[in-house]
Amino acid sequence: MGFFDGLRGAGAAEFDAGNSTNTIELTRRHQTVSLTKQDAATGHLRVNLTWRMRTSDFDSNQRTSLLRHPFKALRPPEVLGHGQSMVNVDLDLGCLYELTDGTKGVVQPLGNYLGDVNAPPYIKLSGDDRFGSASGETMYVNLDHRDAIKRLLVFVYIYDQTPAFDRTHAIVTLYPSNGPRIEIGLDERHPQARSCAVVMIENVKGELLVRREVKFVYGFQGELDRLYGWGLQWGRGYKTKVDR
């Protein structure tokens, strides 16, 4: 189950991005950074989502069991069912956009609305990572057209019907064309949440600001829309099934 609205894009593309090893971490205490003041408000801003499943609960139980029963280490491993510690989660990266001419929409994998980096909305999603690979999902924002951008809300949602943000370790990282990368961790525990507004990129009187949001909601994109007043019309969307 999910929701979609926006522009249909073409295939994936590759772009250059900054390679700085420095990191700015946006937290509750330090929520905002200016790309303009960093001289990073031009070129392609790369936005990357990566995640891995938390296994600490399962690993901890296993270590405790081995300490109490050391001979278990000699036994063949048990085949475990699909339990909480082994939930498969399909996280998707998306972006609600509003341009200065009033155009609004969304770029996201659901519905194959991948956007365009050289034409409005100047946002391009490279594809859909279904299984949490090392490269994750990547989106590009063409900041050479920053004057056409009013605000962008980068969000993450769980496509399938298993709300399990508390079982994932997800990080959204922004790689500007210049200066340090910007990192936002989704490390708050909201076990029933299905979507999270991660970061707002906003053009404020010519200055491009990045502000941490990290607001979890229990619905999908339509609820994020209502929370931030986008005013789009939403309908159900589904993905085709794929094999690993």
Q. In square angstrom, rounded to the nearest 10, how much accessible surface does LYS150 have for a 1.4 Å probe?
A. 100
**Q.** Neighbourhood net charge (10 Å Cβ-Cβ; Lys/Arg +1, Asp/Glu -1) for GLN31
**A.** +3
**Q.** Inter-label distance, nm, simple model (7 Å from Cα along the C-beta direction), ARG29/THR103
**A.** 4.2
Q) Given a Förster radius of 45 Å and the C-beta distance between GLN192 and ASP39 as r, what FRET efficiency does 1/(1 + (r/R0)^6) yield to the nearest 0.05? A) 0.60
Q | Accessible-area order (highest first, 1.4 angstrom probe) of the listed residues ASP144, ASP90 | A | ASP144, ASP90
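The values are calculated or read from the model by the stated rules, or taken from the named source; none is laboratory data. On a predicted model such as this, the values are computed, not experimentally measured, just so you know. A quick note on method: Cβ atoms are made from the backbone with ideal geometry, for glycine too, and the neighbour counts reach across all protein chains shown. Accessible surface areas use protein heavy atoms only, side chains included; no ligands, DNA or RNA. Shrake-Rupley method; radii C 1.70, N 1.55, O 1.52, S 1.80 Å.
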